[in-house]
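A short write-up of the structure that comes next.
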Amino acid sequence: MDGTEARQRRPEELGLPHTLSTGQLPAAPEDGTLSVPEGPRVAPKPLGTELSRETALSIGLQDWPVFVEVKDLLTLVPPLVGLKGNLEMTLASRLSTAANMGHLDEPQEQHRVISSNLALIQVQATVVGLLAAGAALLLGAVSRQELDLTTAEVLCASSVLAAFLAAFALGVLMVCIVIGARKLGVNPDNIATPIAASLGDLITLSLLAFVSSFFYKHRDSRYLTPLVCGGFAALTPLWVLIARQSPPVLKVLKFGWVPIVLAMVISSFGGLILNKTVSSQQYKGMAVFAPIVCGVGGNLVAIQTSRVSTYLHVWSMPGVLPLWMKKLWPDPCSTFCTSEVNSTSARVLLLLAAPGHLLFFYIVCLVEGPTVPNDKTFVVLYLLAGLVQVTILLYLAEVAVRLTWHQALDPDSHCIPYLTGLGDLLGTGLLALCFLSHGLLMGGISGPVPGPS
């Protein structure tokens, strides 16, 4: 449903009797008294029952009407969250590799590496915010054949400011986590990347909600949103000068844009799928599960990519693969079923997917209650979708890291964006297929549901 239709619900979807949906009262007999039609009596529902059916999502949307009024914000969420996640995860992966190589042990070198990397993600955040907003506007214009200038300004300013603030907060947090893990003797690859991904989603979404609400409330201020976009764009040369201190970071600044842009394009298709299905009754609850499926897959594949990248940095040099990793396209059995250390970590991560999804599924059911499907058929389909997504991503991670390293490129900066973007698309697509299959199976079991007379 588009436009004003997004704010209108059919009475039968709201649980109202069909007699009320026509806007007419039942006809009265000639004696002037109303009679109750023959049939099963239904006890009236108290008002408290209706109020108790409000979910966290509905309450959130009522608190933030901007998500209802500006539908392109829903399309913006997957590419922006995915792109920002890419920035934080690639930062965490680069810092973890630098820490494992001993580049953060000397104070002067540590300061240079940290400052240049933080400046780099500020440049990337500004560009990513504009690109994500542009992609959301383009997809919205194509699907609805219209483009509103005020909506475009609110979307661009919200995306840039949310990306910038989230990049600063998460960048500082990643630096603290990597340095702390190094001092405690813990491998940063195992903790920094998943924390970056999970907290990145939470912080970016929260900032986007508050920032977009502010700009939407002040949308009549003609110069506010252009000044915000222009101000952050004016700061970009300063961040570039700071990032140039480190040659590896400078290389990423020059040549690391293609993975980010292509990842945004891939994630945008996942956002389009979510935008097309979220308002359909058949896909009710998909908006709640989509971040979980995409987040779990993105976290696990980012951990594996970071570990394999660090492994190659330790045991080889860019452009040269170790003898036991000479095959650029390994068979799936060697990826999951050997005693090699990367295969072992892939098996562990794959085994973590099922209990992780079950835990999050249980939490969703506790919070959302009966508003999301929770029968056994759906649980099986949901787990199957999650496992298929993670299996594909872990295999592609092994292939992508080998191909990237063979081309003398850094897997930390070039592989993670592609894989997490693909994870968003796979996760959203498989989840939509899960809801569709569930509807078909349950419809076949219970028989066709008669429409309103």
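General remarks:
- Computed over protein heavy atoms with a 1.4 angstrom probe, the accessible surface ordering of Asp410, Asp220, Asp72, largest first, is Asp220, Asp410, Asp72.
- Modelled label positions at Leu227 and Ala354, each set 7 Å beyond Cα in the direction of Cβ, lie 5.8 nm from each other.
- Anisotropy class of the stretch 193-300 from Cα gyration tensor, a/c 1.5 cut: oblate
- Protection proxy ranking, peptides 284-293, 101-110, average beta carbon neighbours within 10 Å, highest first: 284-293, 101-110
- Annotation: peptides 151-162, 368-379, ranked by per-residue average of other Cβ atoms within 10 Å with the highest first, follow the order 151-162, 368-379.
- Accessible area ranking (1.4 Å probe, heavy atoms, ligands and nucleic acids excluded), largest first, for Tyr223, Tyr216: Tyr223, Tyr216.
- Couplings 3J(HN,Hα) for the stretch 223-237, derived from phi with the Karplus relation 6.51 cos²θ - 1.76 cosθ + 1.60 (θ = phi - 60°), are 9, 5, 5, x, 5, 5, 4, x, x, 5, 5, 5, 6, 4, x Hz, where x marks Gly and Pro.
- Accessible-area value, Cys337, 1.4 Å probe, nucleic acids and ligands omitted, Å²: 100 Å²
- Global geometry of the stretch 232-272, whether rounded, prolate or oblate, following the gyration tensor of its Cα atoms and the 1.5 cut on a/c: oblate
- Gyration tensor verdict on the stretch 236-380 (Cα atoms; rounded if a/c is under 1.5, prolate if a/b is larger than b/c, oblate otherwise): oblate
- Apportionment of accessible area to carbon and sulfur, the stretch 170-266, percent (1.4 Å): 73 percent
- Counting only heavy atoms of the protein chains and using a 1.4 Å probe, Phe360 has close to 90 Å² of accessible surface.
- Extension gain from Ala169 to Met317, taking 0.36 nm per residue of separation minus the Cα-Cα distance: 50.0 nm
- Once the 1.4 Å probe is applied to the protein heavy atoms, the stretch 249-403 comes out at 45 Å² accessible per residue.
The values are calculated or read from the model by the stated rules, or taken from the named source; none is laboratory data. Because the structure is predicted, anything quoted here is derived from the model rather than measured. No Cβ is skipped: glycine too gets one built from the backbone with ideal geometry, and neighbour counts run over all protein chains shown. Please note that ligands, DNA and RNA were not included when accessible areas were found on the heavy atoms of the full protein model with its side chains. Shrake-Rupley method; radii C 1.70, N 1.55, O 1.52, S 1.80 Å.
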